[in-house]
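The values are calculated or read from the model by the stated rules, or taken from the named source; none is laboratory data. All figures in this text were calculated on a predicted structure; none of them were measured in a lab. Using ideal geometry, Cβ is built from the backbone for each residue, glycine included, and neighbour counts are taken over all protein chains shown. Side chains included, ligands, DNA and RNA excluded: accessible areas come from the protein's heavy atoms. Shrake-Rupley method; radii C 1.70, N 1.55, O 1.52, S 1.80 Å.
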Amino acid sequence: MHGWAGKVLDIDLSKGAIKNYPLDEETARLFLGGRGLGARLLWDAVGPGVAPLSPENVLIFATGPLTATGYQTSNRFSVSTKSPLTGTVLDANSGGYWGMQFKKTGYDALIVRGRAPAPVYIEIKDAGAKILAARHVWGQRVRATTQTLGQNNNKRNVLCIGPAGENQSRIAAIMNDGERSLARGGPGAVMGSKNLKAIVVEGTARPQVLDQEQFKFMLYEARKLLRQSPLTSQALPEFGTAVVLNIVNHIGALPTRNFQQSQFERAEAISGETLAEKYLVKNAACWACPIGCTRVSKTDKIEGALSGAEGGVEGPEFETTWAFGAQCGVDDLAAIIEANAICNDLGLDTISAGSTLGCAMELTEKGLLDSDLRFGRADLLAPTLEALGARRGLGAELADGSLRLAKKYGAPELSMSVKGLEMPAYDPRGLQGQGLLYATSNRGACHMRGNMLGLEVLGLPKLIDRFQVYGKSSYVILHQNASAAIDSLVVCKFTNLGVAEEYFARTLSAVTGVKYATGDLIRVGERVWNLERLYNLREGFTNADDTLPPRLLKEPVSDGPSKGWVNQLEPMLKEYYRARGWDERGVPRRAKLEELELGAL
Amino acid sequence: MATVRLFGGLRRRARDPKISVDGVTARDVLASLCRDNPGLHAVIWDGARVRDHVRGLIGGQAIELGRGLATRVTADDEIAIFPPIGSGGNTT
Amino acid sequence: MIDERVYEMFRDIGRDLFEADMVSSHGGNLSVRFGDRVIIKRRGAMLGRLAPHDLIETGLEKNDSGVALASSELLIHRTIYKTTPALAIVHCHPRTAIAFSLSRDEIIPIDNEASYLLKKVPVIWEEFASGSPEMANNLAKTLAEYKIVMLRGHGSFAIGQTLDEAFHWSSTLEESCEIALKTKLINEPFIEYRGMSEGYKKW
Ligand code: SF4
């Protein structure tokens with residue numbers, strides 16, 4: 001096979017058994033890799049009724065046909081599993097170096113099953129895989145583990161969990177290369193439940209490219225496009241994602257104090273502009289990425305991180321800044337940077353962690369929870385996160401996310417989540433399409449499933465009215481499908497700001513020799529989306545779960561440019577089901593499944 | 001005098017992130033802004049058009065979805081100008 | 001009733017197309033897809049002077065009351081929406097591009113802008129009468145791979161997320177063809193200035 005390595009590694013930790021077998025070519029053609037391949041393998045491996053933290057759940061790490069080819073941002077990979085936070089199908093993806101390195105060991109995917117009797121880590125080299133004792137790193141934090149296991153940027157890469165994952169916090173992330181995260185939906189808890197501390201990879205096999213000459217042309221074109229786009233050549237390198245905060249706040253769509261307001265009066269203090277001015281050390285990039293959106297920042301309290309001589313830490317991204325900032329009413333950027341660094345070291349999803357803290361603050365202020373947490377208490381971020389990672393005191397209650405917390409204290413409506421996954425930093429009352437996106441996202445509220453920010457705020461490719469309801473479903477569906485396709489290739493979504501899907505399709509054809517038109521690539525995305533939907537339906541989810549917290553449907557925004565708006569989900573959802581070829585209850589129709597070659601499921 | 005607020009990389013090119021500017025329409029305001037801060041001209045204008053991906057908002061609403069550069073501006077209006085912005089988050 | 005914003009989009013792009021000499025008084029067509037609905041210009045309406053009642057809304061799959069008034073090209077537009085990711089279609093009659101389409105099977109731009117955006121534009125032939133299902137299928141299949149396609153001697157079909165985007169491809173093609181035409185007048189050998197230019201032919 002070209003592009004694909006053509007092999008799957010399958011490790012059963014209960015039995016200590018290591019197998020490998022060829023990747024089925026038909027599956028590869030239909031689902032590509034990454035998220036798509038992960039979802040397809042998960043469909044067979046984990047059926048309904050399996051508890052996410054039991055040995056019967058699996059972790060599937062998957063790369064795609066473009067991974068490690070050297071194509072721009074071909075560094076990414078994903079993990080798929082049944083989410084312990086939501087109970088839905090889950091995939092999370094990450095950049096850095098690990099994905100590229102894993103592919104170079106000669107595998108497209110790794111399936112981890114069972115539960116090791118004692119803590120272990122897996123080491124994969126060209127020659128094969130080994131299961132090794134991890135007693136010496138169990139209990140260690142992410143940076144220490146990464147270092148101890150020999151992280152060496154281009155040669156040997158470490159993926160691991162921190163204490164949060166070991167303690168099976170349902171919002172625990174898996175971390176790779178020390179600072180990058182597979183964050184959302186709690187994959188770290190699944191890894192912890194398997195007694196698996198880390199996976200170390202060291203490979204030398206570059207994937208084969210079929211049509212070298214055409215591939216070189218595609219590289220050349222992508223380089224040109226990325227250089228010409230002001231987004232990928234200036235905006236991202238200069239400010240990263242953090243610069244979004246001011247504009248989202250300005251239009252009245254920055255959720256503040258657990259979504260009670262939609263503008264944060266102190267936004268300027270935590271903005272990307274302030275970050276650049278006060279705390280930025282430099283920017284950094286993942287493997288084979290000419291964009292380099294990653295921030296490295298530093299405060300007085302942060303030292304000894306992995307990032308080298310400057311002693312900074314990666315981040316914070318916009319989402320993180322929002323989660324610990326506006327969502328918690330905190331205007332102290334140094335405290336936010338520190339919270340981000342702690343989360344990365346404990347192995348926690350920053351969006352869920354910040355949002356859960358915000359939820360606890362509202363519960364406390366409403367007199368439902370007895371704690372010191374209050375909006376604006378920057379000083380409590382760090383200690384609370386430490387307690388959360390260790391499941392200590394109040395931390396034990398926060399460790400399983402906002403929905404479980406809010407339910408316990410009798411106010412589930414205060415959890416700002418969809419299907420149990422905390423919503424990211426965009427208020428769906430000021431961005432109608434984003435609300436539909438959150439409500440229908442298969443892994444719960446998510447901004448990486450086809451972000452509407454481009455169309456509704458940034459005018460990419462063209463501004464559409466953010467309050468318009470009619471016709472929104474078309475855009476949401478197109479972007480959901482496109483993002484599922486991109487997550488299956490796998491390349492970084494930011495490449496897509498300069499390079500259109502058309503280029504990805506042609507690159508894919510040149511690399512693999514399998515012909516994909518642009519339409520075929522988007523169709524892969526649609527197939528993946530429908531398969532994920534089927535998975536959730538099999539788990540017992542229904543159209544009733546395609547909703548938003550009542551606050552966003554019933555409490556109009558009280559002030560600012562989005563004043564008076566709630567999210568008009570219902571008409572959008574109806575239109576969405578129809579346009580997807582699903583019935584009124586959101587079940588894909590037979591004809592749609594046949595068309596997508598999913599009929600056999 | 002309306003108030004113009006600048007964001008991102010635009011700030012480096014102007015004397016202040018918050019500037020009072022004269023003008024009856026959005027076009028006037030942008031023109032006199034660039035007259036006073038010549039460094040902004042090249043990043044905001046592309047000939048007689050505003051550059052792609054440069055966003056202007058009055059009171060939080062996109063200028064281009066209203067009356068465009070012909071939009072009337074009053075003294076209480078706050079006009080925000082954003083340079084090109086790459087969207088979304090990336091850790092997931 | 002068609003949303004006012006949607007009408008404004010049609011009106012502006014329609015007028016721009018007419019003023020740019022890319023359609024005759026009654027020629028060309030525009031449509032957008034909204035969910036499982038299609039909005040398309042009414043039969044006989046003038047693109048340069050669209051009024052709100054010139055737009056017809058109908059189903060993507062099924063006919064309903066609007067359909068009798070819709071353009072005869074509705075079948076083509078529906079087929080494109082079902083086959084490609086398009087959310088908007090611009091069909092126009094760019095004159096120079098049509099002239100080139102008469103003698104070529106593909107138009108490979110020689111100028112910077114169009115090579116950058118389009119790489120190559122295939123020309124397909126209306127073997128069957130315009131508006132036949134075979135032609136619609138052939139056109140849609142080609143548009144699953146290219147964002148703009150020429151119908152020999154007839155005009156262009158371009159797709160995009162928005163009408164603006166599809167209009168952009170259309171005007172880029174016409175501009176490129178005018179440049180190519182002028183180089184014929186100058187009639188001097190080219191100095192290749194685009195790296196890896198063989199790649200454009202293989203696109
Ligand atoms: S754009 Fe940012 S996240 Fe994407 S590959 Fe480059 S550095 Fe990594």
Check: Checking A:GLU314 against (1) more than 16 Å from the ligand (Cβ to nearest atom); (2) charged (D, E, K, R); (3) open to solvent by 20 Å² or more (accessible area, probe 1.4 Å), which test does it fail?
Finding: (1)
Check: Is it the case that some residue within the stretch C:164-171 is within 14 Å of chain A (Cβ to nearest Cβ) and assigned to a strand (DSSP E or B)?
Finding: no
Note to self: Being modelled with pLDDT of 95 or more, in a loop (DSSP other than H, G, I, E, B) and either exposed (fewer than 14 other Cβ atoms within 10 Å of the Cβ) or not assigned by TED's automatic domain parsing to the domain that holds A:PHE259 (or both): is that true of A:LEU598 here?
What the structure shows: yes
Check: From A:ALA172, A:ALA183, A:ALA205, A:ALA198, which residue is touching a Gly at 6+ places or on another chain (Cβ under 8 Å), crowded, with 23+ Cβ neighbours inside 10 Å and either modelled with pLDDT of 95 or more or farther than 17 Å from A:ILE18 by Cβ (or both)?
Finding: A:ALA172
Check: Do you know which of the residues in the stretch A:245-284 that are in a strand (DSSP E or B) and modelled with pLDDT of 90 or more is nearest to the chain's Cα centre (by Cα)?
Finding: A:THR256
Note to self: I'd like the full set of residues that are within 14 Å of the ligand (Cβ to nearest atom) and of a type outside the set (S, T, N, Q), limited to the stretch A:485-505.
What the structure shows: A:ILE486, A:ASP487, A:LEU489, A:VAL490, A:VAL491, A:CYS492, A:LYS493, A:PHE494, A:LEU497, A:GLY498, A:VAL499
Next item on the list: For residues that are more than 14 Å from the ligand (Cβ to nearest atom) and free of Cβ contacts under 8 Å to residues at least 24 places away in the same chain, scanning just the stretch A:228-270, find the one that is farthest from the other protein chains (Cβ to nearest Cβ).
Entry: A:GLU265
Next item on the list: Can you confirm whether the stretch A:486-499 contains a residue that is more than 11 Å from chain C (Cβ to nearest Cβ), part of a helix (DSSP H, G or I), open to solvent by less than 10 Å² (accessible area, probe 1.4 Å) and without any contact (Cβ under 8 Å) to a residue 60 or more places away in the chain?
Entry: yes
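Yes/no per residue for (1) part of a helix (DSSP H, G or I); (2) among the small types (Gly, Ala, Ser); (3) in contact with an Asp or Glu (Cβ under 7 Å, 6 or more places away or on another chain):
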{"residue": "A:GLY435", "(1), (2), (3)": "yes, yes, no"}
{"residue": "A:ASN451", "(1), (2), (3)": "no, no, no"}
{"residue": "A:VAL457", "(1), (2), (3)": "yes, no, no"}
{"residue": "A:LEU463", "(1), (2), (3)": "no, no, yes"}
Next item on the list: Six or more apart or on different chains, Cβ under 6 Å: which pairs go from a residue in the stretch C:5-25 that's within 12 Å of another protein chain (Cβ to nearest Cβ) to one that's of a type in the set (Asp, Glu)? Could you list them?
Entry: C:ARG5/A:ASP465
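Residues are listed down the side, and each one gets a yes or a no for (1) within 15 Å of A:LEU59 (Cβ to Cβ); (2) touching a Ser or Thr at 6+ places or on another chain (Cβ under 6 Å); (3) assigned to a loop (DSSP other than H, G, I, E, B); (4) open to solvent by 70 Å² or more (accessible area, probe 1.4 Å):
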site	(1), (2), (3), (4)
A:MET1	no, no, yes, yes
A:TRP4	no, no, yes, no
A:VAL8	yes, no, no, no
A:LYS15	no, no, yes, yes
A:ASN20	no, no, no, yes
A:GLU26	no, no, no, yes
A:LEU30	no, no, no, no
A:LEU37	yes, no, no, no
A:LEU42	yes, yes, no, no
Item checked: Of residues in the stretch A:500-528 being over 14 Å from A:TYR71 (Cα atoms), among the β-branched types (Val, Ile, Thr) and away from chain C (no Cβ under 11 Å), the one most open to solvent (accessible area, probe 1.4 Å) -> A:VAL514
Note to self: The conditions are (1) part of a loop (DSSP other than H, G, I, E, B); (2) open to solvent by less than 20 Å² (accessible area, probe 1.4 Å); (3) aromatic (Phe, Trp, Tyr), and C:TYR146 fails exactly one of them. Which is it?
What the structure shows: (2)
